[in-house]
1. Taking a point 7 Å out from Cα toward Cβ as the label site, list the nm distances between residue A:83 and the same residue in every other copy, smallest first.
2. Would you compute the Debye intensity of the protein assembly as shown from its alpha-carbon atoms alone, equal scatterers and no solvent, and pass along log10 I(q)/I(0) at q = 0.08, 0.13 Å⁻¹ to two decimals?
3. I need to check one value: relative contact order of segment B:73-180, counting alpha carbon pairs closer than 8 Å and at least 6 residues apart, in percent.
4. Using each residue's phi in segment B:82-91, evaluate 6.51 cos²θ - 1.76 cosθ + 1.60 at θ = phi - 60° and report the 3J(HN,Hα) Karplus result to the nearest Hz, with x for Gly and Pro.
5. Could I have the simple spin-label model distance between residue B:67 and residue B:151, label points 7 Å from Cα toward Cβ, reported in nm to one decimal?
6. Rounded to whole Hz and in sequence order, give me ³J(HN,Hα) for segment A:136-142 from the Karplus expression 6.51 cos²θ - 1.76 cosθ + 1.60, θ = phi - 60°, writing x for Gly and Pro.
7. Taking each residue in B:122-134, count the Cβ atoms of any other chain within 10 Å of its Cβ, then average. What number comes out?
8. For residue A:12, enumerate residues with amide H under 5 Å from its amide H, sequence gap 5+ or separate chain, H modeled in the peptide plane.
Protein chains: 2
Amino acid sequence: MSGRPRCSVYIAASVDGFIARPDGGLDWLEVVQAEGEDYGYAAFMASVDALVMGRGTYDVVAGLETWPYAGKRCVVLTHRPPERPCADETFFTGPVAELAARLGAEGVGHVYVDGGDVIRQWLAAGLLDDLTISWIPTVLGAGIPLFGALLAETPLRLVESRSWPTGLVQARYALGATGR
Amino acid sequence: MSGRPRCSVYIAASVDGFIARPDGGLDWLEVVQAEGEDYGYAAFMASVDALVMGRGTYDVVAGLETWPYAGKRCVVLTHRPPERPCADETFFTGPVAELAARLGAEGVGHVYVDGGDVIRQWLAAGLLDDLTISWIPTVLGAGIPLFGALLAETPLRLVESRSWPTGLVQARYALGATGR
């Protein structure tokens, strides 16, 4: 029997804890754009077998010219699936623990959990293994929060941290007892 | 004529952006306690001539056995000053720009701005020169936010960052054009 997959968050946040503007806008991330620097994103994506995202994140991705997740299992948490998928993504409604178990049974080893709501659901269900936050050097003032809903107190273990000349500070935290 | 003093924030926050529990409690900071390690606090305090704090912070400090800020000018922002001070602290009601100008005229060179409300007032008034945040490796889930009120978008410049084996990640940001 397969265990549940490792579940990771990899997200940028303003110093005041927002992951997007109130309208979902991400233009403020441009302050850390630097030629040839992806802050570990490509290496992280290469380690991932599947993505789970919320409907807000999906709608942004589905609007792009090219589906960016070709070759990755992609599940969208939504109560209102669209008429047809963009690529081979699937849609899911139900408890996130059930989804995690189902992905594990499919042989998925590592899941990228994306979007504020989905991250909070994963965290609340105790399903998150690690959390990489890239703090952008900006007080955004308003937006979509990374945390903010009432969550249970959760200890984190810092695995590593780095900063870049652009001012981005990245910290990777592990959750839970397994330390993986 | 003296200019306004340099104004600094030096504060610990949970990864989800709280500076205290809903009741003001700070027990959760214990996870980063380590023998002989103060994360730069003593050096920062030695550089400070004056403190400005809100009433919530003051009430905690005033309840301690010993007044911890002997030898420092200390101003409490409050609409309801107590009948008598603990030490030589003073009380102020009015625009924070007026207070900053007054402290500058007194010859104060460096002010430690403390407490969520006061920090947000200082930030909104464009009076903050630097912001040192020590992220504690904890999702607290609820509490008194560091930011959270609607603030103007404010670019920050990372001056330095460090992490410690306890998991504390500290970043120092400069604000404004002076870069001091």
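FYI, it's all coordinate maths here, none of it is from the lab. Model, not experiment: these values are computed from the prediction. Please note: Cβ atoms are built from the backbone with ideal geometry, for glycine as well, and neighbour counts cover all protein chains shown.
1. Result, one decimal in nm: 7.6.
2. The calculated log intensity ratios at q = 0.08, 0.13 Å⁻¹ are -0.45, -1.04.
3. Numbers: 112 pairs, mean separation 24.7, N = 108.
Relative contact order comes out at 23 percent.
4. Karplus-based 3J(HN,Hα) across segment B:82-91 equals x, 5, 9, x, 6, 9, 10, 5, 10, 10 Hz.
5. The modelled label-to-label distance comes out at 3.1 nm.
6. Each residue's phi maps through the Karplus curve to give 8, x, 8, 8, 7, x, 6 Hz.
7. Details: counts 0, 3, 1, 0, 0, 0, 1, 0, 0, 2, 0, 3, 0.
Average per residue, whole number: 1.
8. Those qualifying (amide H under 5 Å, at least 5 residues apart or on another chain) are A:134.
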